[in-house]
Amino acid sequence: MIYRILLSSLVFSLLFSCAVQKNQRTGNVPKIYYNGDIITMHTQEPTYVEAVVEVHGKIAFVGDLNTVLNRYKDHNLIDLKGKTMLPGFIDPHSHFGMVSNSMGQVDLNPSPVGNVSTIEDIQLALVRYKKDHNIPDGDWIFGWGYDDGQLAEKRHLNKNEIDAVLPNNPVYLQHTSGHMGVANSMALNKLSVNASTPNPEGGNIARIKGSNEPNGLVQETAMYPFVGNMLEVLAKDQEKYFEQTQDFYAQNGITTAQDGMTDRPTIHFFQSQANQGKLKLDLIALAGFSDLSENIKDEDLRFKTYKNGFKVQGTKIIADGSPQGKTAYFTQSYLTEVPDCDSNCKGLPSISQNNLNNLFKTAYEHDNQLFIHCNGDASIDMVIEAHEYACKTLNQPLDKDRRTIAIHAQFVRPDQLEIFKKYKIEPSFFTNHAFFWGDNHVENLGVIRANFLSPIHSADKLGLKYTNHSDATVTPINPVFTVWSAVNRVSRSGKTIGEGEKVSPYLALKAITSHAAYEFYEENYKGTLEQGKIADFVILDKNPLKVNPMDIKNIEVVETIKNGKPIYQKK
């Protein structure tokens with residue numbers, strides 16, 4: 001009997017030893033992260049723990065170090081050396097595909113992103129790009145990021161200024177807002193835009209003064225053919241830049257990225273990359289509203305469901321334009337001159353109320369989550385009306401948990417925030433505007449409207465689960481900078497844009513962790529450091545909660561970890 005017990009014990013010990021050795025070979029030994037500022041993000045006020053344990057890509061334990069060491073005899077200690085550990089950043093809204101496409105375009109950004117400050121700088125950059133890339137005559141050339149408000153001339157360039165340096169190539173230059181662009185003569189001809197072309201609904205083709213001849217500027221829906229053509233031309237390079245784009249997101253601590261408006265061919269491309277095991281992070285797409293009916297009928301498209309790290313979350317609608325481009329739709333007029341508008345210049349909706357109502361009805365009827373781009377308060381009124389219409393028509397509760405997301409909601413009014421809370425509409429703000437265009441907003445909209453830009457403080461007081469994003473390529477993919485802009489609200493000139501809407505670093509971090517997980521119905525397995533959740537981590541060299549608020553933007557990502565595996569490590 002004793003012999004059998006001893007034999008059994010020996011066999012068990014050998015099996016256990018083999019299992020441990022196998023775990024060590026396969027990397028499944030529990031990893032214990034300790035000796036740093038580990039912020040869980042799961043409570044209303046900051047909560048720190050001594051250790052986090054990762055096993056098989058999941059968080060196995062969160063708590064004190066002694067308990068961890070006693071529980072896990074076989075382990076791999078990861079010394080944070082005083083650095084800060086957070087849940088991996090979740091991107092509430094950017095344009096993964098546009099970021100990727102920008103890698104094949106001329107960079108026309110002003111400081112601090114680029115070096116363009118004059119129209120001549122743009123011309124020189126275009127000539128240099130054609131030469132450096134050996135682009136033959138007749139081939140398309142695209143540029144991105146120019147900002148008329150930051151040019152010395154304080155205006156858009158025109159087709160003649162592009163023709164002067166690139167007369168033999170069709171050229172389209174995308175404005176930094178993503179809501180307009182400038183085409184040269186050859187590009188206009190290729191897309192059949194001329195003096196007899198009418199303005200499309202929700203768009204504007206700017207004209208040479210005193211005539212109907214296009215000057216090259218196309219705004220809102222008038223730019224759609226040019227953007228569609230650009231995406232088609234650049235599609236051949238999608239795979240070339242796919243990994244590079246992921247690495248760029250990972251370098252910024254992002255473990256879940258978003259493509260903020262995705263057509264069907266690109267959805268298929270993303271899924272093909274995911275099926276080939278090429279995703280390093282999770283990628284969420286928002287399908288375009290023009291494809292809503294077709295997408296709903298597509299039996300192969302399952303919304304809100306990951307497949308190999310990729311999912312289509314819902315549908316994106318564009319309701320208005322850009323505040324810095326003066327196409328965002330307001331109830332009160334802009335205070336400065338608006339191109340091609342003589343009076344009562346309030347911007348313009350990108351869609352009619354009737355069409356918006358029907359989109360809401362179709363989406364709500366099929367439990368399709370909606371994300372609506374709406375900057376000005378008039379467009380937000382349209383969103384609220386469409387929500388009420390759809391609920392009434394379908395006999396659904398106004399406050400059903402649909403998680404309809406108001407993308408940007410930059411100039412939401414206080415009364416509209418109250419309605420958001422009542423109807424369970426969540427805002428995804430854009431505080432980077434305070435830095436990049438805060439001075440412009442004061443000039444164009446007045447101090448009162450400008451100071452209530454992206455009002456996170458007011459939204460938090462109401463209990464809204466706000467998020468805060470970069471809208472890349474509009475502003476750079478950099479969640480740490482987004483935190484900085486929410487905390488400080490400092491403009492390019494150093495002015496504070498809305499002192500009363502500043503928030504603490506912790507509340508700013510919630511917008512890209514726990515609240516962002518909620519936005520995508522992922523709060524049960526992402527966004528906080530809690531047992532059972534996915535081991536998505538970001539490690540920073542300093543703690544945003546402990547440094548001088550103005551120094552937050554200088555904090556660097558040291559490491560990004562997805563499903564327990566490093567996808568970025570600072571060299």
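The values are calculated or read from the model by the stated rules, or taken from the named source; none is laboratory data. It should be emphasised that the depicted structure is a prediction, and the values quoted were computed from it without experimental measurement. Every residue, glycine as well, gets a Cβ built from its backbone with ideal geometry; the counts of neighbours run over all protein chains shown.
Structure above, values below:
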read-out: Failed criterion for residue 354 (all others in (1) farther than 25 Å from residue 182 by Cβ; (2) modelled with pLDDT under 95 hold); value: (2)
read-out: Filter result for the condition that a residue is of a type in the set (A, V, I, L, M, F, W, C), within 28 Å of residue 468 (Cα to Cα) and surrounded by fewer than 22 Cβ atoms within 10 Å (Cβ to Cβ), over 234, 292, 286; value: 292
read-out: Failed criterion for residue 220 (all others in (1) at negative phi; (2) surrounded by 22 or more Cβ atoms within 10 Å (Cβ to Cβ); (3) modelled with pLDDT under 95 hold); value: (1)
read-out: Selection count, segment 86-137, where residues are within 27 Å of residue 266 (Cβ to Cβ) and either touching a helix residue (DSSP H, G or I) at 6+ places or on another chain (Cβ under 8 Å) or polar (S, T, N, Q) (or both); value: 20
read-out: Some residue of segment 385-399 being acidic (Asp, Glu), within 24 Å of the chain's Cα centre (by Cα) and closer than 20 Å to residue 328 by Cα; value: no
read-out: Condition broken by residue 73, with the remaining ones in (1) touching a helix residue (DSSP H, G or I) at 6+ places or on another chain (Cβ under 8 Å); (2) surrounded by fewer than 21 Cβ atoms within 10 Å (Cβ to Cβ); (3) part of a loop (DSSP other than H, G, I, E, B) satisfied; value: (1)
read-out: Any hit, segment 248-264, residues being within 30 Å of residue 351 (Cα to Cα) and surrounded by fewer than 20 Cβ atoms within 10 Å (Cβ to Cβ); value: yes
read-out: Selected residue (criterion: farthest from the chain's Cα centre (by Cα)) from residues of segment 500-553 that are closer than 15 Å to residue 428 by Cβ and polar (S, T, N, Q); value: 514
read-out: Subset tally (residues that are within 21 Å of the chain's Cα centre (by Cα) and either surrounded by fewer than 22 Cβ atoms within 10 Å (Cβ to Cβ) or more than 17 Å from residue 329 (Cβ to Cβ) (or both)) for segment 401-419; value: 4
read-out: Residue among 48, 33 that is more than 23 Å from residue 282 (Cα to Cα), modelled with pLDDT of 90 or more and among the aromatic types (Phe, Trp, Tyr); value: 48
read-out: Flag for residue 373 being modelled with pLDDT of 95 or more, within 19 Å of residue 219 (Cβ to Cβ) and in contact with a strand residue (DSSP E or B) (Cβ under 7 Å, 6 or more places away or on another chain); value: yes
read-out: Every pair of residues 6+ apart whose Cβ atoms lie under 9 Å, when the first sits in segment 54-68 and is part of a strand (DSSP E or B) and crowded, with 17+ Cβ neighbours inside 10 Å while the second is aromatic (Phe, Trp, Tyr) and at pLDDT below 95; value: 55/72; 60/72; 61/72
read-out: Inter-residue pairs, beta-carbon under 9 Å, first at positive phi and in segment 329-348, second of a type outside the set (Phe, Trp, Tyr) and not in a loop (DSSP other than H, G, I, E, B), 6+ apart; value: 340/204; 340/205; 340/206; 340/207; 340/217; 340/219; 347/378; 347/379
read-out: Segment 445-460, subset more than 24 Å from the chain's Cα centre (by Cα) and surrounded by fewer than 21 Cβ atoms within 10 Å (Cβ to Cβ), residue nearest to residue 148 (Cα to Cα); value: 446
read-out: Residues of segment 44-53 satisfying the condition of being under 20 Å from residue 524 (Cα atoms), in contact with a helix residue (DSSP H, G or I) (Cβ under 8 Å, 6 or more places away or on another chain) and buried (at least 18 other Cβ atoms within 10 Å of the Cβ); value: 53
read-out: Residue within segment 175-186 that is surrounded by fewer than 20 Cβ atoms within 10 Å (Cβ to Cβ) and assigned to a loop (DSSP other than H, G, I, E, B) present; value: no
read-out: Residues within segment 277-335 that are acidic (Asp, Glu), more than 22 Å from the chain's Cα centre (by Cα) and not in a helix (DSSP H, G or I), tallied; value: 3
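Yes/no matrix, rows are residues, columns are (1) assigned to a loop (DSSP other than H, G, I, E, B); (2) hydrophobic (A, V, I, L, M, F, W, C):
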| position | (1), (2) |
| --- | --- |
| 172 | no, no |
| 189 | no, no |
| 196 | yes, no |
| 205 | no, yes |
| 223 | no, yes |
| 231 | no, yes |
| 234 | no, yes |
| 239 | no, no |
